[in-house]
Amino acid sequence: MKFFQSLAATLIVATLAALPAHSQNGLKDIPDTAVSAQLEAFQLIEGAKVNLFANEPAVANPTHMNWDSRGRLWVVSSPLYPHIKPGQEEQDKVVILEDTNGDGVADKSIDFATNLHIPTAVLPGDGGAYIANSIEVLFLKDTDGDDVADERQVVLSGFGTEDTHHLLHTFKWGPEGMIWMNQSIYIHTHLETPYGIRRLLGGGMWHYRPETQRSDVFMKGLINPWGHAFDEWGQSFLTDGAGSQGINFVFPRSVFATSPGASRILKGLNPGQPKHCGAEFLTGRHLPDDLKGLIAAPDFRGSRINLFKLTDNGSAYTSSQVPDLISSKHRAFRPIDIKMGPDGAIYVADWYNPIIQHGEVDFRDSRRDQKHGRIWRITFDDQDTLPIEDLSQLDEKALAGKLNAPEALTRQLALTEMRNRDPKAVLPAVANLSVPDGVDPDLVALRKVWASQTLNQFDEKAAVALLDSKNHKARAAALRAIYYRAADNDEALAIASKAIADPHPQVRLWAVSVLAQLDVKETVTTAMKAIDGVELDEFLDFALWSICREHSDRWVADAQEKNPFSSTRQLLFAVRAINKPVAVDQILSALESGEISSDQEVTDIADWISKTGSPENLNNLFVHTLKENASPAHQKAILTTLASAGRIRKIQPTGDKNRLNQFLDSKNDVIFSEAATLAGLWKLESARPGLQSAFLAAAENQGRAEATLNGLISLGGPPTAKLFDSEAKSETSTFLIKSLAVRGRTRMNPAAGATLAVEVLQNAPDGKDPHGIYAAFLATKQGPGALAKALTNAKLPQPIALVGVQKASSAATKPEGLVKALQKAADLKPMKMALSDTEMESMMEAVAKSGDPHNGEKVYRRASMQCLVCHAIGGAGGVIGPDLVSIGSSAPVDYLIDSLLQPNMKIKEGYHTTLVTLKNGDSFAGAIAREDDNELVVRDATGKENRIPKADIASNNISPVSLMPPGLTAQLREDEFVDLVAFLAQLGKDGDFKTPPNRYVRQWQSLMPHERTRDAIGHYGHQIFTEDIKTYQWIPFFAKVTGGVPIPEMPKVVGRGRNRYGVARTFVDVSKAGPVRFKISGKLNDLILLHGENKIELPADVSEAEITLEVKKPGRQKITVSGLNGFGLDDVKVEVLDDAGTVQFIDIKEF
Amino acid sequence: MKPISLRITLWCLALSHAALAYGAEPILKSGDRVALVGNTVIERARLSGQLEAALQLAAGPEVKNISIRNLGWSGDSVFGDSRSYFGPPQEGRERLVSIVSEIKPQVIFLCYGTGAAMSVDQGWTDEPIHKEPSASGMEGSLATFSQGYQEKIDRLRSAAGGSLREIVLVSPPPLENLGEPLPDQTENNARLAIFRDRIKQLATDNQLSFVDWFAALGGDDFNGEVASPALTNNGLHYSKSGYQILGRELVKGLGYGETSTIANDETPELVASIIEKNRLFFHRWRPANETYLFLFRKHEQGQNAKEIPMFDPLIAEQEKNIEAARQKVFAGQPKN
């Protein structure tokens, strides 16, 4: 309350002096619109310079651009965005820009069309241009030579418009001559085509061939994929304007985040990256060598363009970030599209707007810019630009020759131009194409195949010949070429059957994709051969999982009889993929005979049987755990899954349940906990004494005591009620036991629990609720009411009541009665959440004038603020809320203040709370993590995943409440609050709070104080921090925005005397043995670095050093850093110098 | 579709308004509100204005102020598959019911069946209990279609309320074979004929008017030949001249006899105001940004939902223009 009380007082004073223009909130932040102001604010990669190619009024708020084969740039602009006003004309336009004298500046501009409604893509070709016009794709054409469209045809319609920054967008000619198009989350599209209806509900990518009028969905998901680039071999990479996983490798039927109903999704290649709009491979002679082949992705929030380097990895790629191409301090610089130009320069479309989109900021906010727009051109000093060629003037031979141009744009434009020519003249010219020096002949052969497809005269023979290439990329590309029309191709099955056993996993991935297109019986039995002989990575695994499901009608009936696959392993993969009890006996006998015995496979079987098997099958598993020589890993896996079968499917193994009791004696905590849960689920009365004594021994082992709660509650009856009642009331019980007893009683009977709770809460040490009493009430429908009632005439100390108010205020059920009761019981004034316009005005002024972002970061990182638990910055932090990496450059300051004070006011897309209420009154709030036929998995605000049986669900609604609790900032002084806002407002802007592209290790775990360290460090040195001691507790610890790891902020691990250490460890995955390069910086004299158990010598008296670790065995490497506090130690940075092909970060969840 | 092209050439361009069959009650009356409901063939009709112009002119000079609302939606099924946003088809049906109960039309035209006929064996609805039956061969598909259509008729009838006079079932028009590389639609047309028969049966069972676009455009005589110039852009989507024929055959089927649909370049004002009215009405009933204005993100932009009804006076203004334009057409027309 501190802050709000003082804030109220300050604001009264401030109000008197406040500016009158309250409706102009923040307008003073509007950046200078002059071109020169933007030019001065750019920072470029070495050797680059930037010039203005075009600007308003020719382009205003450009949304997309593409080149035509004459070397002219087509730009589509939408000042109408975000929403048409009643009475407003549909006047958005497409302009053709031309640099006629080659000076790098557009000197001619023609309005090709001026009657569009929020157009979001333009693609010249076929003698006109294809334009995304909200609900429809238009083909506009000029027939009289004035470059103004005079013919208008709707070529596709039925695209959704539920959100205008998600409309159909990102048009691109593919190398095979199809038009590729993307749509985003919330968009529900229903196309009628001459081939039938095609629907895409949510994000995804389409391809469309104008001459056949065939449109199909290629992949699904991603939140806002406004970037698509083909690499030299025709593989597709997407970027996402709202996801945060950098570059996404996509392939047919791949499914990514937020695709509705998806039971499995793939991830991007750069988790924790800023969001991007646009994507382009940098190619061509004008560019410096070190940029060639990189993929550029504009970070429109951070006003910069990121670069990534892709490296082959299994069936997919790894991607690592390298230094930015360009960045700007100018807040209206919004790079939203990037294209290589016909002169070899890089062109950037700058949407130009201080406000980035329309979710959070009012449609009619006057700060929206609806006039300006810029096209920037980036060139390099060392090389001349290329002359712009008009490909439409070339004869067929010269045009074919352009297919070997070093510039990808020229190759693509040559293909587009070929579509305007007679195939009879073009194809012979293409056939005679020679192989330039230094170019893989198979790449040239592939270009010929693409030319044939571009003319819709697919040369299948040439594609098949490429399957014998030595280069796996050529083989994969050949399969992709075959893929599109595989259903009409009699050879396709034979082709895929051969390719499925290809030595390279990416070729197998495409073989599976081809199979998925076929209407023959053998698709899945053929595809499953892909699991043998290569490492099954996530992408190939996904493709196989997908075909097993999509084509289940082709193999399931056979599998009921006998295994139709070549091995039990393949069978297990397939039955798990469909998640149905098919061939259970075959699998179980393989388990019985020991044919299947690896921990992973046993876990897989247990998981599958628990989801699909019969009580007899569960008993088979149970018997497996009871064997004398059963491994604890198997026991653990099976008991866990028996518990979920009991909970989700309400089924139990046949046979004597008392066999379970032996596990209640287990020394293994996990096995005990699972057995305790099962005892309750199975109503095993004989287990009660064991559960009871573990409950009472909570002080020795809290985890076991927690685990007994479920069991004791399920066993229920007077004995359990009596136990909870007496422990909650007993004077000798610890607060932990009391809390657990209240929780237990509340779950049995909320009213009875509430009566107990009041006194326990009144005596809560430090006014805290560490063991979840409030949560127990909020987790059930009757709970809040019961607690409110019990509080009617009671008093609570303010701190514990405040905790309750915060928890209740962020509960999706909105228990207002409980909030009021808590406020009354502690005489709390309702928290002031909203600021008046004038208060907001002065707060924003304070942020601008006196806010200290460095101190703000410290506030942000305080454990009591809990920011880091939910929000990451550049991948460092929790995943419950949005990554804040560039929030400052995308959100206005008033938005940030509102969001801190009133989290429910604006909720980021994808972060809505779903409230699931069960028939028994229990409720779960959080984000839906995934679902299948039987269960729904909800991730709550603590990151915990709750598996909920669908059969038990009474209702499932999107709640208007944010998962972020209000009042988190109530503990702050006003100056601290101002600093926190100043910090958030700087995030992503040029300066100290923009995450650098360096590969700093950002996810760490820090060691909690432990009794062992004080004495053992003297004997064994720092190596004790690398020991695998079970009772060591490692908590998540994240790097600061700069990448620095502040050792003084870590828990203080006690050493000898007054020595206090900060200790952190991390894990990275190294792909091959040999030297791996790191850089470490900080006060190296006082730092200890360990690789595994080995201490690495650091040079003395320097502040940074490059070090090489010798990796003997590829795989996980543990790196530990420790430092003695009190000697001026501050931040330590550990940077990986090798790219992601060699060293990959491991997510903290996997540590 | 050869017969069509013949008919076009034989077609008299004279402007003559509806000549109703003797004794028949005209379907359109002054002040009528008319709802056009269906899939893409209806939805796209709003762009050329031809279909509405045909109705407006067929009604004749004495009938005034007909207000037509195009509620077509690409890919829609009888279950409302296209009309739901984030929910199941049920939500789509409710959306249609809600707009129909708002408009309270006197006449409703329904045109469904293309999607179902083209998706035999593949399934054409996500409606949970009908998903599988819709994929189980011609019989299953037809039965599911009839059931869904019957429910739709019943619900729309009650949604429209007491002012409703007529529901007209219109069969889907045939598909055209435009030759390689476009697909051959012969098989789909054979299926469409079967669906047409079922729709006709539904009309009889429910005592509704029925207009057979399929037969009128030559679907029954279809031998793979196509009108020249083609009536569709791709075999499926009708072009402006295609809609002219569809309009003409619609009013003929309604009993207006051999009337001219003329709603072409000779009536530019009428067509232009119809197109403009349709554009405005689209922003009114299917506004962009629904997620923010009315659905689960309305706490962010719901304040702007107030703008949406501001389209109403603009639409009313265009309706006046439509009426003025049609009266002008009638005024310039020689008396019979």
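So, in segment B:40-64, how many residues would count as being more than 14 Å from chain A (Cβ to nearest Cβ) and in contact with a Ser or Thr (Cβ under 6 Å, 6 or more places away or on another chain)?
Adding up the residues that qualify gives 4.
State all residues of segment A:692-703 that are assigned to a helix (DSSP H, G or I) and either over 17 Å from A:Val742 (Cα atoms) or modelled with pLDDT of 90 or more (or both); if no residue qualifies, say none.
A:Gln692, A:Ser693, A:Ala694, A:Phe695, A:Leu696
Out of all the residues in segment A:410-436, which are assigned to a helix (DSSP H, G or I), of a type outside the set (A, V, I, L, M) and crowded, with 18+ Cβ neighbours inside 10 Å?
Result: A:Thr410, A:Arg411, A:Gln412, A:Thr416, A:Glu417.
Identify, from the list B:Arg93, B:Arg83, the residue that is within 14 Å of chain A (Cβ to nearest Cβ) and either modelled with pLDDT of 95 or more or surrounded by fewer than 20 Cβ atoms within 10 Å (Cβ to Cβ) (or both).
On inspection, the qualifying residue turns out to be B:Arg83.
Do any helices (runs of 4 or more DSSP H) lying entirely in segment B:202-312 carry at least 1 residues that are more than 22 Å from B:Ala59 (Cβ to Cβ), aromatic (Phe, Trp, Tyr) and more than 14 Å from chain A (Cβ to nearest Cβ), and which ones are they?
B:213-216
Within segment A:1064-1141, considering only strands (runs of 3 or more DSSP E) that don't extend past its boundaries, which have at least 1 residues that are farther than 24 Å from A:Pro997 by Cα and touching a residue at least 24 places away in the same chain (Cβ under 8 Å)?
A:1074-1081, A:1087-1091, A:1094-1096, A:1104-1111, A:1115-1124
Residues to consider are A:Leu123, A:Leu156, A:Leu200; find the one that is more than 27 Å from B:Thr291 (Cα to Cα), among the aliphatic types (A, V, I, L, M) and either in a strand (DSSP E or B) or more than 9 Å from every other protein chain (Cβ to nearest Cβ) (or both).
Matching residue, one of A:Leu123, A:Leu156, A:Leu200: A:Leu123.
Suppose we keep only residues that are in contact with a Leu (Cβ under 8 Å, 6 or more places away or on another chain) and not aromatic (Phe, Trp, Tyr) within segment A:991-1012. Which one would you say is surrounded by the fewest Cβ atoms within 10 Å (Cβ to Cβ)?
For segment A:991-1012, the residue satisfying everything is A:Pro997.
Check A:Thr161 against each of (1) assigned to a strand (DSSP E or B); (2) within 14 Å of another protein chain (Cβ to nearest Cβ) and name the one condition it does not meet.
Status for A:Thr161: all satisfied but (1).
So which residues in segment B:150-190 are within 10 Å of chain A (Cβ to nearest Cβ) and either assigned to a helix (DSSP H, G or I) or among the hydrophobic types (A, V, I, L, M, F, W, C) (or both)?
Within segment B:150-190, B:Leu175, B:Leu178, B:Leu182, B:Asn188 qualify.
Restricting to segment A:374-409, what's the tally of residues that are under 18 Å from A:Leu291 (Cβ atoms), surrounded by 14 or more Cβ atoms within 10 Å (Cβ to Cβ) and out of contact with any strand residue (DSSP E or B) (no Cβ under 9 Å at 6 or more places or on another chain)?
4
Listed here are the residues, each with its yes/no results for (1) among the small types (Gly, Ala, Ser); (2) in contact with a Gly (Cβ under 9 Å, 6 or more places away or on another chain).
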| site | (1), (2) |
| --- | --- |
| A:Ser134 | yes, no |
| A:Gly145 | yes, no |
| A:Ala149 | yes, yes |
| A:Arg152 | no, no |
| A:Glu162 | no, no |
| A:Pro175 | no, yes |
| A:Ile187 | no, yes |
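The rows are residues; the columns are (1) within 24 Å of A:Thr143 (Cα to Cα); (2) assigned by TED's automatic domain parsing to the domain that holds A:Ile179; (3) in contact with a Leu (Cβ under 7 Å, 6 or more places away or on another chain); (4) in contact (Cβ under 8 Å) with a residue 12 or more places away in the chain.
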{"position": "A:Ala54", "(1), (2), (3), (4)": "no, yes, yes, yes"}
{"position": "A:Pro79", "(1), (2), (3), (4)": "no, yes, no, yes"}
{"position": "A:His83", "(1), (2), (3), (4)": "no, yes, no, yes"}
{"position": "A:Pro86", "(1), (2), (3), (4)": "no, yes, yes, no"}
{"position": "A:Glu90", "(1), (2), (3), (4)": "yes, yes, yes, yes"}
{"position": "A:Asp99", "(1), (2), (3), (4)": "yes, yes, no, yes"}
{"position": "A:Gly102", "(1), (2), (3), (4)": "no, yes, no, yes"}
{"position": "A:Asp126", "(1), (2), (3), (4)": "yes, yes, no, yes"}
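Can you work out which of the residues in segment A:72-106 that are among the charged types (D, E, K, R) and over 30 Å from B:Leu314 (Cβ atoms) is nearest to the other protein chains (Cβ to nearest Cβ)?
Looking at residues that are among the charged types (D, E, K, R) and over 30 Å from B:Leu314 (Cβ atoms), I get A:Arg72.
Out of segment A:1040-1063, which residues are in a loop (DSSP other than H, G, I, E, B), touching a strand residue (DSSP E or B) at 6+ places or on another chain (Cβ under 9 Å) and more than 14 Å from A:Thr1120 (Cα to Cα)?
Hits for segment A:1040-1063 are A:Lys1040, A:Val1041, A:Thr1042, A:Gly1043, A:Gly1044, A:Pro1051, A:Lys1052, A:Gly1055, A:Asn1059.
Enumerate the pairs (first residue in segment A:847-865 and touching a residue at least 12 places away in the same chain (Cβ under 8 Å); second residue anywhere and of a type in the set (Ser, Thr, Tyr)) with beta-carbon separation below 8 Å, excluding pairs fewer than 6 apart on the same chain, so at least 6 apart or on different chains.
Qualifying pairs under 8 Å: A:Met865/A:Thr969.
Just one of A:Leu1084, A:Leu1089 is crowded, with 17+ Cβ neighbours inside 10 Å, under 20 Å from A:Phe1038 (Cβ atoms) and in the same structural domain as A:Thr1013 (by TED's automatic domain parsing); which is it?
A:Leu1089
Exactly one of (1) outside any loop (DSSP other than H, G, I, E, B); (2) in contact with a Lys or Arg (Cβ under 9 Å, 6 or more places away or on another chain) is unmet by A:Asn920. Its number?
Here A:Asn920 clears every test but (1).
Is one or more of the residues making up segment A:723-741 in contact with a Gly (Cβ under 9 Å, 6 or more places away or on another chain) and either outside any helix (DSSP H, G or I) or surrounded by fewer than 19 Cβ atoms within 10 Å (Cβ to Cβ) (or both)?
no
What strands (runs of 3 or more DSSP E) completely inside segment A:40-88 contain at least 1 residues that are under 30 Å from the mean Cα position of the chain (by Cα) and surrounded by 24 or more Cβ atoms within 10 Å (Cβ to Cβ)?
Filter on segment A:40-88 gives A:62-67, A:73-77.
The values are calculated or read from the model by the stated rules, or taken from the named source; none is laboratory data. Not measured: the values here are computed from a predicted model. Ideal geometry is used to build each Cβ from the backbone, glycine not excepted, and the neighbour counts take in all protein chains shown.
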